[in-house]
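Let me begin by presenting the structure, written as structure tokens, before commenting on it.
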Amino acid sequence: MITAISLPFLAKKPIDLPPIVSIELIQITDKTNIPFAPKAKKIIEKIKEKEKKLVSEQAPPKKVKKIKPDAVPMPEDKLEKVEKIKEDKQNPEKIDNEIKQVSEFEKDELFDPNNIAALIDKSKTESAESLKKSNKITQDQQRNVENAGLSLSEEDALKAQIFGCWSIPLGLPYNEDLLVRIKLQLNPDGTVSQSEILDHARMNRPGQGFYKVLAESALRAVKLCQPLRVPTTGYERWKELQLNFDAREMLEG
Amino acid sequence: MFRILIICLVFFSPSKLIALIEVDITRGNLNPLPIAVSPLSIDENSRKNFEKILKKKDIGSEISIVVEKNLKTSGLFNPLNKDAFLQAPDIANLKPRFEDWNLIKAQALITGKVSFVDDKLRVEFRLWDVLAGKEMMALAFTTVPNNWRRVGHIITDKVYERLTGEKGYFDTRIIYVAEDGPKTRRIKKLAIMDQDGANNKFLTLGNELVLTPRFNPTSQMVTYLSYFKNLPRVYLLDIETGMQEVVGDFPGMTFAPRFSPDGKKIIMSFAKDGNSDIYTMNLENRIVEKITNHPSIDTSPSYSPDGKYICFNSDRSGYQQIYIMKNDGSGVKRISFGKGLYGTPVWSPRGDLIAFTKLHKGKFYIGVMRTDGSGERLLTENFYQEAPSWSPNGRVLIFYRETETDDKGKGFSAKLWSIDLTGYNERLVNTPTDASDPSWSSLLSN
């Protein structure tokens, strides 16, 4: 009684709170069980047919995307653009064009390594000439380059591209081992023919929700970045590539 | 010998020497994830029924707007403009045309539908990975129609958790002190609202001064301080039933009662014999236990989420600094060593950080540091701000900020603000009156 009188409240009514929401789970599968709309199916098939035609007649579709990724291309536009790309292909300035398409942030990063690489190559040639080394040694060097990984500039270019595509899930803990390794099979044009998470089983283990989120974000980054900015030569070297995604540095701040 | 040579040649041929190239990706962008929130579709019959009950023309759109706003305020998502959508909301029954959503650069897509079933609101939603072209999640909720906003919050929590890996904080409430009137004669009431500022309700009429409301981490219970006949008194309020209870009268200056992580104790500071120390009170048997025993002023205690440690504020070094100790008061250790004065330490629900208020060269800062005092980061600076409170997932802090008055004492205001751990996503939290001393609840749907 004393307690009730001493309270500072005048409003004694219980607070009107809504009842608890009941949650019902729908079965979740990898493939949706929603029926495919006949109309949508037709449209997608049409688009796919057009894309096929373009691929067989002219050039890889990725180039079309690179030129104008925001626009829904009209059929006429597509052909024109593809022709332009064909011209570009024969043009040695193509690398510059590609660099222009990345963000301002990446531009700076990409510019220097490429130039440095060019300078290194040049200096190598010059020194080789001055020292008059035999052809045999040059072949060995060439073999070493092929057998080694990517050059610094090549690796930097690839990294810079993927940095831009990878949206790091900021909710992940920084103090856990969350390294995601993805093995890629690449086509010569840098598109990904196959991607495989090396520790795929971990994704479905209980208590590995963070790993799953990170792995999915890494896969999204690879898909978003296609075609990857790979070297123009030495396909055998990089046709298989392993990307190790590690967000700890970023999450730690 | 010849055979051995052949085997050696096969094994050491140049093609076999090519090792798998590994590239370490240690950086990414922190841009918000582009997400498309398609308005939830609704059939004509359901639409009419909900319009009658809720006076809302299109409840599907209204729920999707709640989701969209939540995602945007988190700072981690960028909901795309609906005008750019190429597919209509009726795709709830179909597999989306991922090409269409790819074109507008969406990386995730939310679709769904609302229906009126047995006088209840049934909401189905699906989350799609647009780039992978697959479904990530599908859930349905059934509730009374008036609960539609909470459904929006719960959907956001589920989407947030699926895409970021940590639990959301949208189906939560904030209790705070609503303030009105001139600075010298403020009327202070307890008020509660949803985390997005909706459904604001005043819990007291302002007859008594109320201070420092704090949520129980395990239930919808609140502890706060009120002055009854100019004496500080600690109260418990059950938000669900409206029942209130006096915990006790305490001598002298009493400060900031706060619950233990299991909700069974409250911890606070009060001045006995002129010296302020930290005490706990067991809520079952009301036994009060003294935790610190030092001639200095010890205040603002806050438990670690496992209940084993307490962080608090003390001037035992000569200046106000942050200390941690074991829950029995032993092992006191100073953790703040930066310039300035530190106060109001609050342990993160994740356990990894301690939030604090800092005063340095006349400016107030809200910051965080690790529990060993390392990695201090100041998130925001202003004329006057204090009292940070963590969102239940330990990602966002809510605090209050006061503006400077002019020479005539005018222009004063106190508002609630939120900021996330990146320090970039600072937002004003809308309240109908001035506001201070916010406290964030745990998730309601847990």
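The values are calculated or read from the model by the stated rules, or taken from the named source; none is laboratory data. Everything quoted here is computed from the prediction, not taken from an experiment. Virtual Cβ from ideal backbone geometry, glycine too; neighbours counted across all protein chains shown.
Below are the figures for this structure:
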item: Single residue of the stretch B:207-239 satisfying the filter (charged (D, E, K, R) and within 10 Å of chain A (Cβ to nearest Cβ)) that is nearest to B:Y400 (Cα to Cα); result: B:E208
item: Residue list for the stretch B:347-359, restricted to those being in a strand (DSSP E or B) and within 14 Å of chain A (Cβ to nearest Cβ); result: B:L353
item: Strands (runs of 3 or more DSSP E) contained entirely in the stretch B:360-437, each with at least 3 residues that are crowded, with 17+ Cβ neighbours inside 10 Å and free of Cβ contacts under 8 Å to residues at least 60 places away in the same chain; result: B:363-370, B:377-382, B:384-390, B:396-402, B:414-420
item: Exclusive hit being at the interface with chain A (Cβ under 10 Å from one of its Cβ atoms), touching a strand residue (DSSP E or B) at 6+ places or on another chain (Cβ under 9 Å) and either among the polar types (S, T, N, Q) or surrounded by 23 or more Cβ atoms within 10 Å (Cβ to Cβ) (or both), set B:I174, B:I192; result: B:I192
item: Residue check for B:Q107: touching a residue at least 12 places away in the same chain (Cβ under 8 Å), outside the structural domain of B:L397 (by TED's automatic domain parsing) and under 22 Å from B:N29 (Cα atoms); result: yes
item: Count of the stretch B:239-291 residues which are free of Cβ contacts under 8 Å to residues at least 12 places away in the same chain, assigned to a loop (DSSP other than H, G, I, E, B) and crowded, with 18+ Cβ neighbours inside 10 Å; result: 0
item: Test: residue in the stretch B:81-96 that is in a helix (DSSP H, G or I) and within 30 Å of the chain's Cα centre (by Cα); result: yes
item: Residue that is nearest to the other protein chains (Cβ to nearest Cβ) [pool: residues in the stretch B:114-131 that are part of a loop (DSSP other than H, G, I, E, B) and in contact with a Phe, Trp or Tyr (Cβ under 9 Å, 6 or more places away or on another chain)]; result: B:L131
item: Matching residues, the stretch A:206-216, being more than 8 Å from chain B (Cβ to nearest Cβ) and in contact (Cβ under 8 Å) with a residue 24 or more places away in the chain; result: A:Y211, A:A215
item: Qualifying positions in the stretch B:132-152 - more than 7 Å from every other protein chain (Cβ to nearest Cβ), within 26 Å of the chain's Cα centre (by Cα) and over 24 Å from B:D194 (Cα atoms); result: B:M136
item: Unmet requirement for B:K56, which otherwise passes all of (1) part of a loop (DSSP other than H, G, I, E, B); (2) within 14 Å of chain A (Cβ to nearest Cβ); result: (2)
item: Hits in the stretch A:199-218 - residues which are over 19 Å from A:C165 (Cα atoms), surrounded by 14 or more Cβ atoms within 10 Å (Cβ to Cβ) and among the hydrophobic types (A, V, I, L, M, F, W, C); result: A:M203, A:F210
item: Test: B:F77 is of a type in the set (F, W, Y) and under 14 Å from B:S38 (Cβ atoms); result: no
item: Within the stretch B:212-227, tally of residues that are assigned to a strand (DSSP E or B) and buried (at least 19 other Cβ atoms within 10 Å of the Cβ); result: 10
item: From the options B:T156, B:T204, B:T184, residue that is hydroxyl-bearing (S, T, Y) and either modelled with pLDDT of 95 or more or outside the structural domain of B:D434 (by TED's automatic domain parsing) (or both); result: B:T156
item: Out of B:E161, B:E166, sole residue that is within 12 Å of another protein chain (Cβ to nearest Cβ), within 18 Å of the chain's Cα centre (by Cα), surrounded by fewer than 22 Cβ atoms within 10 Å (Cβ to Cβ) and in a helix (DSSP H, G or I); result: B:E161
item: Odd one out for B:P232, checked against (1) at pLDDT below 90; (2) not assigned by TED's automatic domain parsing to the domain that holds B:E402; result: (2)
item: The stretch B:38-53 - residue that is in contact with a helix residue (DSSP H, G or I) (Cβ under 7 Å, 6 or more places away or on another chain) and assigned to a helix (DSSP H, G or I) and, of those, surrounded by the most Cβ atoms within 10 Å (Cβ to Cβ); result: B:F50
item: Boolean, B:G367 is small (G, A, S) and over 30 Å from B:R149 (Cα atoms); result: yes
